[in-house]
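So the structure is just underneath, and the comments pick up after that.
The values are calculated or read from the model by the stated rules, or taken from the named source; none is laboratory data. Small disclaimer: the values here were computed from a predicted structure and weren't measured. When we count neighbours, we look across all protein chains shown, and the Cβ atoms used for this are built from the backbone with ideal geometry, even at glycine.
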Amino acid sequence: MKKLFFLPVVLCVFIVLIMAPNSFALDFEIVNIFSNLDYYNFQPQINGGGQVVWRVGNSSHMEIYYYDYDEKSATNISNIPNGYKNRLQINGNGHVVWQGRTTGSDYEIYYYDYDEKSVTNISNNPDNGDLIPQINNNGHVVWHGYNGSDYEIYYYDYDEKSVTNISNNSDVNDGGPQINDNGHVVWYAKNGSDYEIYYYDYDEKSVTNISNNPDGHDYNPQINAAGHVVWQGGGEIYYYNGETVTNISNSPDSSDNYHQINDNGHIVWTGQDGYNFGLYYYDGETVTNIFNVSNSIIYLIQINVNGHIVWEASKTTYYYDGSTITNISYNSEGYQISDNGHRVWEEDNKIYLATPIP
Ligand SMILES: [Ca+2]
Ligand SMILES: [Ca+2]
Ligand SMILES: [Ca+2]
Ligand SMILES: [Ca+2]
């Protein structure tokens, strides 16, 4: 067990030339950045600089490892031997957040400051559960936490080192916050009989109900750098462009879900009609059906700023480069794509990083 702490991290770094029969639009240098076969390595997250964090552990022990792309080395950054850690996120400057708990305690939000090389408990609320953090590129963090009566949305200001309850109501459960680089936040909450999407304007310090649809449940908002928001309501995908709300899926016969938006306002989601599943792409003007499969859900959808998309279906990972779809299945799991085209995944209990070759 102590091996994990005291042995230097052994990196089995090697380069694999692309040998797949598929025609890749790009060539990649693929590196195995970490393997420790005594433990599971899983759920990697990557930023635009190719820095990666992931979970390393077994049923009784868990740590968070960090691969520094510039140093080409992996380090244990959590260094808290007991306890569960989950829901990792890394921002563009290499700062990391996660939810964690030690035995017998509640969940807290932990913050790894890449510049200071230190970990801080930023929720620091030993009575109540703090869950599912999201971090922006300025180090500001949001999460939902139970305060004894209901769930609230909490906002950590990295500059002020302070936490604010921004939903601040006493009888409504608020959940699923997402934050953009301007500090604007969206989440969903029940309002009377149904759910709505709420938008927190960081400059105005005000909250607005942007779905404002008292007849339907509105869930799971995503926000981009421009403050545009996409969410799911009543089996459709809705898009808020800062002024108006549009139903962009507009498909009464299929259930639309798993939406993602990039900073250029491109949106991807899946539609399900019985046993048939489709992947849909909105480029700001029109919707294109780019992929179809039967008898398998489409999941783990990621879109980067260039509109490149990865997803999984039928135990296969697919990559769309804007024009063609390639099967990049490596028996992989937990695929992630960065805005600069890096890809990271888990395969056979190892973490792999693919960097585009210019
Ligand atoms: Ca807590
Ligand atoms: Ca609340
Ligand atoms: Ca509603
Ligand atoms: Ca629909």
Subject >> Flag for residue 349 being out of contact with any strand residue (DSSP E or B) (no Cβ under 6 Å at 6 or more places or on another chain) and not basic (Lys, Arg) >> reply: no
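Need at least 2 residues that are of a type outside the set (A, V, I, L, M) and closer than 27 Å to residue 57 by Cβ per element, so show me which strands (runs of 3 or more DSSP E) inside segment 91-188 make the cut, counting only ones lying wholly within it. Talk me through it step by step, then tell me what you get.
Details: elements: 96-101, 108-113, 118-121, 130-135, 141-146, 151-157, 162-165, 174-179.
Per the criteria, 96-101, 108-113, 118-121, 130-135, 141-146, 151-157, 174-179.
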Subject >> Close pairs (6 angstrom Cβ cut-off, 6 or more residues apart or separate chains): on the phi > 0 side of the Ramachandran plot in segment 259-273, aromatic (Phe, Trp, Tyr) anywhere >> reply: none
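If you check 116, 196, 160, 204, which single one turns out to be buried (at least 17 other Cβ atoms within 10 Å of the Cβ) and either farther than 22 Å from residue 339 by Cα or within 16 Å of ligand 1 (Cβ to nearest atom) (or both)? Before you say what the answer is, go through the steps one by one.
On the way: 116 fails: buried (at least 17 other Cβ atoms within 10 Å of the Cβ); 160 fails: buried (at least 17 other Cβ atoms within 10 Å of the Cβ); 204 fails: buried (at least 17 other Cβ atoms within 10 Å of the Cβ).
Within the list 116, 196, 160, 204, the selection yields 196.
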Original post:
So residue 340 fits all but one of (1) out of contact with any strand residue (DSSP E or B) (no Cβ under 7 Å at 6 or more places or on another chain); (2) free of Cβ contacts under 8 Å to residues at least 60 places away in the same chain; what number is the exception?
Top reply: (2)
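Please go through segment 189-203 and pick out each residue that is assigned to a loop (DSSP other than H, G, I, E, B) and within 11 Å of residue 227 (Cβ to Cβ). Quick ask: steps written out before the conclusion?
First pass over segment 189-203, keeping only residues assigned to a loop (DSSP other than H, G, I, E, B): 192-193, 202-203.
Of everything in segment 189-203, those that are assigned to a loop (DSSP other than H, G, I, E, B) and within 11 Å of residue 227 (Cβ to Cβ) turn out to be 202, 203.
Which of the residues that make up segment 87-104 are in contact with a Gly (Cβ under 8 Å, 6 or more places away or on another chain) and either without any contact (Cβ under 8 Å) to a residue 40 or more places away in the chain or among the aliphatic types (A, V, I, L, M) (or both)?
Restricting attention to segment 87-104, the residues satisfying the condition of being in contact with a Gly (Cβ under 8 Å, 6 or more places away or on another chain) are 91-95, 100-103.
Within segment 87-104, 100, 101, 102, 103 qualify.
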Subject >> Odd one out for residue 131 among (1) within 16 Å of ligand 2 (Cβ to nearest atom); (2) of a type outside the set (Lys, Arg); (3) at pLDDT below 95 >> reply: (3)
Original post:
Which ones in segment 198-228 are touching a residue at least 40 places away in the same chain (Cβ under 8 Å), closer than 12 Å to residue 245 by Cβ and among the β-branched types (Val, Ile, Thr)?
Top reply: none
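Out of everything in segment 134-161 that is hydrophobic (A, V, I, L, M, F, W, C) and within 16 Å of ligand 2 (Cβ to nearest atom), what residue ends up being nearest to residue 207 (Cα to Cα)? Explain how you work it out, then say what you get.
Of all residues in segment 134-161, those hydrophobic (A, V, I, L, M, F, W, C) come to 135, 141-143, 153.
So of that shortlist, the ones also within 16 Å of ligand 2 (Cβ to nearest atom) come out as 142-143, 153.
On the way: 142: 15, 143: 16, 153: 12 Å.
Here the residue is 153.
Quick one: is residue 305 surrounded by fewer than 17 Cβ atoms within 10 Å (Cβ to Cβ) and more than 15 Å from ligand 4 (Cβ to nearest atom)?
Numbers: surrounded by fewer than 17 Cβ atoms within 10 Å (Cβ to Cβ): yes; more than 15 Å from ligand 4 (Cβ to nearest atom): yes.
Against the criterion (surrounded by fewer than 17 Cβ atoms within 10 Å (Cβ to Cβ) and more than 15 Å from ligand 4 (Cβ to nearest atom)), residue 305 qualifies.
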Subject >> Pairs where the first residue, in segment 158-172, is without any contact (Cβ under 8 Å) to a residue 40 or more places away in the chain and over 19 Å from residue 91 (Cα atoms) and the second is more than 7 Å from ligand 2 (Cβ to nearest atom) and in a loop (DSSP other than H, G, I, E, B), C-beta under 7 Å, 6+ apart >> reply: 170/149
Subject >> Residues that are surrounded by 14 or more Cβ atoms within 10 Å (Cβ to Cβ), part of a loop (DSSP other than H, G, I, E, B) and within 16 Å of ligand 3 (Cβ to nearest atom), drawn from segment 207-248 >> reply: 210, 211, 213, 216, 217, 234, 235
**OP:** Output yes when any residue across segment 239-261 is in contact with an Asp or Glu (Cβ under 7 Å, 6 or more places away or on another chain) and aliphatic (A, V, I, L, M), and no when none is.
**Re:** no
Subject >> segment 26-53, subset assigned to a loop (DSSP other than H, G, I, E, B) and acidic (Asp, Glu), residue farthest from residue 352 (Cα to Cα) >> reply: 38
**OP:** Would you check if residue 282 is within 17 Å of the chain's Cα centre (by Cα), buried (at least 17 other Cβ atoms within 10 Å of the Cβ), among the aromatic types (Phe, Trp, Tyr) and within 21 Å of residue 178 (Cβ to Cβ)?
**Re:** no
Original post:
Is there a residue being under 30 Å from residue 191 (Cα atoms), surrounded by fewer than 22 Cβ atoms within 10 Å (Cβ to Cβ) and hydrophobic (A, V, I, L, M, F, W, C) anywhere in segment 65-83?
Top reply: no
